[in-house]
Every structure is written in structure tokens, then in C-alpha cells.
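Chemist: Structure incoming, see below.
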Amino acid sequence: MYRRIHEAIIQSPPIDDFDIFKELKDQNFFESQESIIALCTHLQELMKTIEDLDENQLKNEFFKVLQISLWGNKCDLSLSGGKTISQKTNLINSLEDLKPFILVNDMEHLWSLLSNCKKKREKASITRVDIVLDNSGFELVTDLVLADLLLSSKLATEIHFYGKMIPWFVSDTTLHDFNWIIKQLKHSNHKWVSKCGVDWENHIKMGRWVYLDHMFWTLPHEFSAMPQVAPDLYATLQKAHLILFKGDLNYRKLTGDRRWEFTIPFHEALNGFHPAPVCSIRTLKAEVQVGLQPGQGEQLTASVPNWLTIGKYGIFQFDGPL
């Protein structure tokens, strides 16, 4: 349906670059201003001391920003049927209360992998983290904050972002959204928000942040078909040290959108899709979930029958060697 809408628009100059979802995405961004200010302020305060943090302190900050990126995934306009879902409270203050709702928590694996890369890295070598984006608006800001922390802490030296080539599932990020949000932040009248925008624009200019798109992300294939359908994209992903897949649709495509048993290992559900170590960062909005402990899914079903689809629960689900 979304592709048909796009095909109709591109045949209708002068609206051939029109994004029918732009107004909704912009509204989500502007309604989340207080949270964005709190997040940018937290990041810039952290930047002042980041080089003085010991390993445990840095790990704690890394985990904090990962959780912010996870719960940012709640702001999904496709879940709400286009009704605005903005982030109006300071997420940083809620992280402890939200921890019990993380059903699979592999953050320790992410830390082990990236901190080992940092320790073993030669002077001129690269540690690349790829982030397959989901929603624009507030969620994208949380992803950019995570990417900035990865660079500033030297857990990564280069970030590749992947978005959609065409306006897709309502709030999905396109190149225009990516550039627009950074520009909005840069021109903010709040000093720390503006500083984030300036820094992030500089990351792009210096090649530390690279935005890429590929038509495969809007094709109907599950990701295990990527080596056959889009071998060029698969080869690009193989160069990453870690790939973070944001959001629900990416999880469905990672697992083939099958009705797996809850206890099936994530590695098995990936069905041979192993370009590099991968991690799904997702709040649950679809009836697919693997890698749970025996009885965990059934217990949730008994207490919260719609737990799979309400966006209340989240996961950090990792697959790959450490």
C-alpha cells in the first residue's frame, strides 16, 4: 500500500518528492521538545567528563543511553494509526521503573563486544557500528544520542545509519527526516540542543556518521533472503563490528515474522542471517518473540494477555560471537 501511494505521488510533479507522513512526524518531534531538551542536556553534561570516567561509570552511561534508545521506540505512529505518540516526560528519570519490562536484556554482551574492540583497536583501525533506523521524531533523536556517545567514548569510531528510500510505515526515517532533525536541533534556541545539532552535522561532514539507504529495506523479504536479493547490502553489513536493528518491523523481518515458540533461540530464528553480530532493540508491537526463558511467555500471557502488541515491554536481543 505504501509503495502504491509513493508510485502515485512520483508520477505527479511538482509533488514527486512529497512525504504524506511529514506533518505527523514533525508534530511528534515538536511535541517532544521537553524530553529532547532533557536528553540533549544530559548528553552535553556527560561530554564534559566522558574522558575522566572509569570503565564502570562509562558502562553505566552506555547502558542508560541504550535504554533511552529502547524506550524511544514507543513513539511509533504506525502503532497508533497516525494518532500522535510523543514523548512528553523525561525518560531519563523513568529508566529504573522501566527495567522490569525488559524481557531479554543482552546489554552486557554489547558492552563486552564494544569494549573489547576498543581495547584491541590499533591506532588507525576502525570500529564500525551500523544502526538500522526505525521511527523519525523523538526516537531518531534517541538513536543519534546513542551514536554520539559511541563515538565520544571511543566504543566506536564510525557509525553507519540505514533509513528508508521512500516514505514508508508512517513515521519511518528517510534521508530528509535525518537531515531535517539535525537542522532543527542546530537552530534551536536552547544551547545544549543547538550544540548537539552542530556536533552531529560535523560528524556527517567529517565522515564519522554515514547515512545510507537501500530499496531492500522496503521490500517484502525477510532478512535471511538478503544475500540472494541484495548481496551488495549484505556485503556492506558484513564490514560492521555490530549491527543494531531498531524497532518492531525490523524484528519481524529478522525472525521471518513466524509464530515461533517463545523459547526458540534468536540465533535459530534468524535463519542464517549472520552478516555480523546483531542486536534487536525493540518495544514489542507484534505477535512474534523468541529467546525467552521457559514459561516466561505463558506467564506474561496469563497476566497481560496483549503483552506482545502494546509496546509496554522491550528487548535487547543479541546474536553473535563475543
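The values are calculated or read from the model by the stated rules, or taken from the named source; none is laboratory data. The shown structure was predicted, so the numbers you read here are calculated from the model rather than taken from an experiment. Cβ atoms come from the backbone with ideal geometry, glycine included; neighbour counts cover every protein chain shown. The protein model used for the area step is the full one, side chains on, heavy atoms only, and it has no ligands, DNA or RNA in it. Shrake-Rupley method; radii C 1.70, N 1.55, O 1.52, S 1.80 Å.
Chemist: log10 I(q)/I(0), Debye, Cα-only the range 155-279, no solvent, q = 0.19, 0.21 Å⁻¹?
Modeler: -1.13, -1.28
Chemist: A follow-up question, please. Which one of LEU244, PRO305, PRO265 is farthest out on the positive end of the charge dipole of the range 240-305, using unit charges on Cβ (Lys, Arg +1; Asp, Glu -1) and the Cα centre as origin?
Modeler: Of the candidates, LEU244 comes out farthest on the positive side.
Chemist: What are the residues whose amide H is under 5 Å from the amide H of ASN105, where those residues sit 5 or more places off or on another chain and H is modelled from the backbone?
Modeler: Counting only residues 5 or more places away or on other chains, the set is PHE316.
Chemist: GNM on the chain, C-alpha springs below 10 Å: top fluctuator among ASP52, ASP248, ASP19?
Modeler: Maximum among the listed residues: ASP52.
Chemist: Can you give the charge dipole size of the chain about its Cα centre, rounded to the nearest 20 debye, using +1 on the beta carbon of Lys and Arg and -1 on the beta carbon of Asp and Glu? Provide the component values of the computation, followed by the final result.
Modeler: Numbers: 34 positive and 40 negative charges, 70 e Å.
The calculation lands at about 340 debye.
Chemist: To continue, here is another question. Would you calculate a helix-derived [θ] at 222 nm for the chain, using -39,500 (n - 2.57) for each DSSP H run of n ≥ 4 and dividing by the full residue count, to the nearest 500?
Modeler: On the way: 14 runs with 144 residues, N = 322.
Taken over the chain, the calculation gives -13500 deg cm²/dmol.
Chemist: Specify whether the C-alpha gyration tensor of the range 115-172 places it in the rounded, prolate or oblate class, a ≥ b ≥ c being the square roots of the eigenvalues: rounded for a/c under 1.5, otherwise prolate if a/b is larger than b/c and oblate if not.
Modeler: Numbers: a/c = 4.08, a/b = 2.35, b/c = 1.73.
Since a/c reaches 1.5 and a/b is larger than b/c, the shape of the range 115-172 is classed as prolate.
Chemist: Apply the Karplus curve 6.51 cos²θ - 1.76 cosθ + 1.60, θ = phi - 60°, to the phi angles in the range 7-17 and return the couplings in whole Hz, x for Gly and Pro.
Modeler: Per residue, the Karplus-derived 3J(HN,Hα) values read 4, 5, 5, 5, 8, 10, x, x, 9, 5, 10 Hz.
Chemist: Nearest 5 percent is fine: what portion of the DSSP beta bridges confined to the chain is antiparallel? Intermediate results must be reported in sequence, preceding the final value.
Modeler: On the way: 7 of 29 bridges.
Taking every DSSP beta bridge with both residues in the chain, the antiparallel ones total about 25 percent.
Chemist: With unit charges on the beta carbons (Lys and Arg positive, Asp and Glu negative) and the dipole taken about the Cα centre of the chain, which residue among SER125, MET226, LEU110 sits farthest to the positive side?
Modeler: Checked the options; the winner is SER125.
Chemist: Which whole-Hz ³J(HN,Hα) couplings does the range 34-49 yield from phi under the Karplus relation 6.51 cos²θ - 1.76 cosθ + 1.60, θ = phi - 60°, glycine and proline marked x?
Modeler: 4, 5, 5, 4, 4, 5, 5, 5, 4, 5, 5, 5, 5, 4, 5, 10
Chemist: Another question, if that's okay. Name the most mobile residue of THR127, THR283, THR263, meaning the one with the largest mean-square fluctuation, in a Gaussian network model of the chain with Cα contacts below 10 Å.
Modeler: Highest fluctuation of the listed residues: THR263.
Chemist: How would MET215, MET165, MET47 rank on accessible area, largest to smallest, probe 1.4 Å? Mind dumping the intermediate values first?
Modeler: Working: MET215 75, MET165 95, MET47 45 Å².
Output order, biggest surface exposure first: MET165, MET215, MET47.
Chemist: Taking the chain as a Gaussian network, where each spring joins two C-alpha atoms under 10 Å apart, which residue of VAL193, VAL210, VAL170 fluctuates the most?
Modeler: Among VAL193, VAL210, VAL170, the largest GNM mean-square fluctuation belongs to VAL210.
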